[in-house]
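The values are calculated or read from the model by the stated rules, or taken from the named source; none is laboratory data. Here the structure is a predicted model, which means the values were calculated and not measured. Virtual Cβ from ideal backbone geometry, glycine too; neighbours counted across all protein chains shown. For the accessible areas, the whole protein counts, side chains as well, though only heavy atoms, and no ligand, DNA or RNA atoms are used. Shrake-Rupley method; radii C 1.70, N 1.55, O 1.52, S 1.80 Å.
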Amino acid sequence: MEKIETKTIKVDSKEPNKEPIKEAANLIKKGKLVAFPTETVYGLGANGLDKEAVAKIFIAKGRPGDNPLILHVASREQVEPLVEFISEEAEKVMKKFWPGPLTIIFKRSSLVPDVITAGLDTVAIRMPNHPIASEFIKASGVPIAAPSANTSGKPSPTEASHVQEDLNGKIDMIINGGSTGIGVESTVLDLSETPPTILRPGGITLEQLKKIIPNVVEDLSIIKDNKDIIPKSPGQKYRHYAPKAEMMVFIGEVSAIIDAINEYAKKYIAEGKSVGIMATEETKDKYKEGLIVSVGSRNNKETIAHNLFSTLRLFDEENVDIILSEGVDLSHIGKAIMNRLKKASGGNIIKL
Ligand code: TXA
Ligand code: MG
């Protein structure tokens with residue numbers, strides 16, 4: 001691939017300056033690639049109606065062509081031309097959760113290029129809740145196709161520096177708006193079929209959705225460990241969010257987790273391996289050896305979601321051989337966290 005110069009511009013997240021955002025939007029209009037912050041993770045954006053521009057996203061990320069992309073919009077009006085119809089159910093969900101970390105799957109219209117949907121008859125749409133993302137989409141005047149701005153398979157980027165690490169020389173611009181808030185990707189909700197189905201757990205939880213659409217269910221691939229179940233969201237079938245190191249995730253009573261991690265750390269260190277321990281504020285002092293990093297507080301799982309991917313990247317930078325990670329309970333955003341840990345570890349979950 002030809003190397004291109006990647007320009008980084010810094011923009012204040014709270015009060016974005018319109019000039020640099022206009023410059024980024026002009027690049028989009030010319031079919032170029034621009035990474036930008038959202039409230040979940042950084043996205044790698046292109047004009048969603050320009051199939052050549054969208055094709056470049058797949059090349060820059062090394063993304064398999066059968067994994068469809070999300071179209072990002074800044075207004076409700078932008079949705080209509082992209083979908084076959086908007087159900088009453090979809091109206092209610094959009095009204096309640098947009099802008100926000102919820103991606104909705106609709107039946108697509110013919111305006112949406114095949115390269116976006118990977119040939120499916122549905123399209124994923126999201127309205128991000130981030131001042132830079134909104135301004136940028138508005139200024140571009142088109143729906144912005146954007147997967148997470150990481151190399152395919154690596155942890156998603158929650159800082160502009162992560163995007164730089166992965167995509168420098170492969171994309172045209174990075175809008176640096178500081179660290180992203182939520183830290184894990186949006187919930188993907190399929191409203192193209194009945195019952196409404198969560199295909200990927202994320203920032204908006206099952207409990208929150210149930211209040212608006214009581215018949216919502218979770219895709220079997222989220223609930224079951226059975227490897228034979230094929231997820232409906234193509235992206236969910238890949239090993240993902242994965243650090244270079246081998247990874248083990250421990251679930252059960254916290255005291256049992258601590259004992260097990262200490263034991264494994266001792267064993268691996270004795271074998272001459274370097275060990276990273278993904279601990280929490282409540283437990284970090286209980287570990288004896290290894291590179292111990294607190295990912296956040298068990299009592300405030302939002303902090304764990306926020307730091308999760310950057311902590312995985314940190315272990316990579318430190319070149320650890322093995323990451324021993326605590327698991328969390330599945331309440332609230334815990335489900336999204338465990339989904340990412342499961343994928344990052346290739347399903348290497350140890351139940352105690
Ligand atoms: O928070 C997010 O959603 C971030 C930010 C940048 O918006 N984006 C993101 O995109 O996570 P990506 O491409 O990394 O993940 C999109 C997920 C994939 O699992 C993909 O398979 C699924 O959405 N998806 C996209 N279109 C779909 C469709 N038509 N049907 C089913 N799943 C779809
Ligand atoms: Mg991704």
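Here are the numbers for this structure:
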read-out	value
Selection from the stretch 180-205 of residues that are of a type in the set (S, T, Y) and more than 7 Å from ligand 1 (Cβ to nearest atom)	T180, T187, S192, T194, T197, T205
Any hit, the stretch 156-173, residues being surrounded by fewer than 24 Cβ atoms within 10 Å (Cβ to Cβ) and within 11 Å of ligand 1 (Cβ to nearest atom)	no
Qualifying residue in the stretch 55-64 (condition: among the basic types (K, R), more than 16 Å from ligand 2 (Cβ to nearest atom) and more than 22 Å from the chain's Cα centre (by Cα))	no
Any chance S310 is of a type in the set (S, T, N, Q), touching a residue at least 40 places away in the same chain (Cβ under 8 Å) and not assigned by TED's automatic domain parsing to the domain that holds H332	no
Filter result for V112 (touching a Leu at 6+ places or on another chain (Cβ under 7 Å) and buried (at least 16 other Cβ atoms within 10 Å of the Cβ))	yes
Of residues in the stretch 14-40 being in a loop (DSSP other than H, G, I, E, B), modelled with pLDDT of 95 or more and farther than 17 Å from I171 by Cα, the one nearest to ligand 2 (Cβ to nearest atom)	T40
Flag if V249 is farther than 26 Å from A133 by Cα, touching a Ser or Thr at 6+ places or on another chain (Cβ under 7 Å) and open to solvent by 40 Å² or more (accessible area, probe 1.4 Å)	no
Restricting the stretch 231-264 to residues that are touching a helix residue (DSSP H, G or I) at 6+ places or on another chain (Cβ under 7 Å) and of a type in the set (G, A, S), the residue that is modelled with the highest pLDDT	A245
Selection status of I144, under 30 Å from R313 (Cα atoms) and either within 16 Å of ligand 2 (Cβ to nearest atom) or of a type in the set (D, E) (or both)	yes
Counted residues, the stretch 199-216 - those being surrounded by fewer than 23 Cβ atoms within 10 Å (Cβ to Cβ) and either farther than 10 Å from V93 by Cβ or acidic (D, E) (or both)	9
Tally of residues being within 16 Å of P131 (Cα to Cα), assigned to a strand (DSSP E or B) and of a type outside the set (A, V, I, L, M) across the stretch 1-13	1
Residues of the stretch 296-342 satisfying the condition of being touching a strand residue (DSSP E or B) at 6+ places or on another chain (Cβ under 6 Å), closer than 21 Å to T187 by Cα and aliphatic (A, V, I, L, M)	L341
Residues of the stretch 174-197 classified as open to solvent by less than 10 Å² (accessible area, probe 1.4 Å), aliphatic (A, V, I, L, M) and more than 16 Å from ligand 2 (Cβ to nearest atom), total	3
